[in-house]
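Chemist: I am attaching a structure below and will ask some questions about it afterwards.
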Amino acid sequence: MGASLSGKQSTGRGRRRARPMADINVTPMVDVMLVLLIIFMVTAPLLTVGVPVDLPKTNAKAIPGQDEPLVVSIRDNGDIYLNETKTDLTDLVPRLEAISQNNADARIFVRGDKSLAYGRIVEVMGAISSAGYKKVSLIAQLPDTPARR
């Protein structure tokens with residue numbers, strides 16, 4: 001019959017009892033955060049500019065590229081948008097130069113509504129090309145994909 005003077009609890013065989021652990025286990029939280037990070041990294045490039053345009057359909061292949069392109073959208077009423085900001089044709093080139101930092105190799109995608117007159121699209125593309133931009137492309141929709149609104 002021994003009493004412990006050191007304050008440690010002892011079982012009959014000389015082993016100490018394990019105290020409950022008071023630390024928080026953050027491993028599940030880190031796992032969830034990493035999964036969310038991967039999901040956002042995969043879905044972020046798939047998001048498109050939010051200006052609704054009814055694109056024409058084509059079977060052409062997609063243009064590969066690493067850098068983020070600038071998107072010029074032309075709605076069915078002729079309004080011009082640079083990314084999601086409405087702009088005039090006269091202000092388009094200065095804004096492109098400011099955003100691209102005068103990089104003539106910046107990729108610029110032109111999205112024109114299919115009901116829009118072709119002359120308006122050519123007018124916008126001509127203004128961009130005359131400013132010295134070399135990589136100006138038209139965006140179209142594949143025939144089997146539904147239109148984004």
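The values are calculated or read from the model by the stated rules, or taken from the named source; none is laboratory data. Every value quoted in this text rests on a predicted model; they were computed, and no experiment measured them. What goes into the accessible areas is simple: the full protein's heavy atoms, side chains included, and nothing from ligands, DNA or RNA. Shrake-Rupley method; radii C 1.70, N 1.55, O 1.52, S 1.80 Å.
Chemist: Given the whole protein assembly as supplied and a 1.4 Å probe, what does the accessible area of K114 come to in Å², nearest 10?
Modeler: Looks like 120 Å² after rounding.
Chemist: Could you order T90, T85 so the one with the most accessible surface comes first? Probe is 1.4 Å.
Modeler: Most to least solvent-accessible, the answer reads T90, T85.
Chemist: How much solvent-accessible surface does I38 expose, in Å² to the nearest 10, with a 1.4 Å probe and all protein chains in place?
Modeler: That residue has around 100 Å² of solvent-accessible surface.
Chemist: Next up: For L89 and D76 in one chain, what is 0.36 nm times their gap in residues minus the Cα-Cα distance, to one decimal in nm?
Modeler: Difference between extended and current length: 3.2 nm.
Chemist: Same structure, new question: Starting from the amide H of K135, placed 1.01 Å from N in the peptide plane, find each other amide H under 5 Å away whose residue is 5 or more places distant or on another chain.
Modeler: I108
Chemist: Considering only DSSP beta bridges with both partners in segment 68-138, what is the antiparallel share in %, to the nearest 5?
Modeler: 40
Chemist: Taking amide hydrogens as modeled 1.01 Å from N in the peptide plane, which residues meet the under 5 Å criterion relative to G112, leaving out close sequence neighbours?
Modeler: Answer set, sorted by chain and number: I74, I139.
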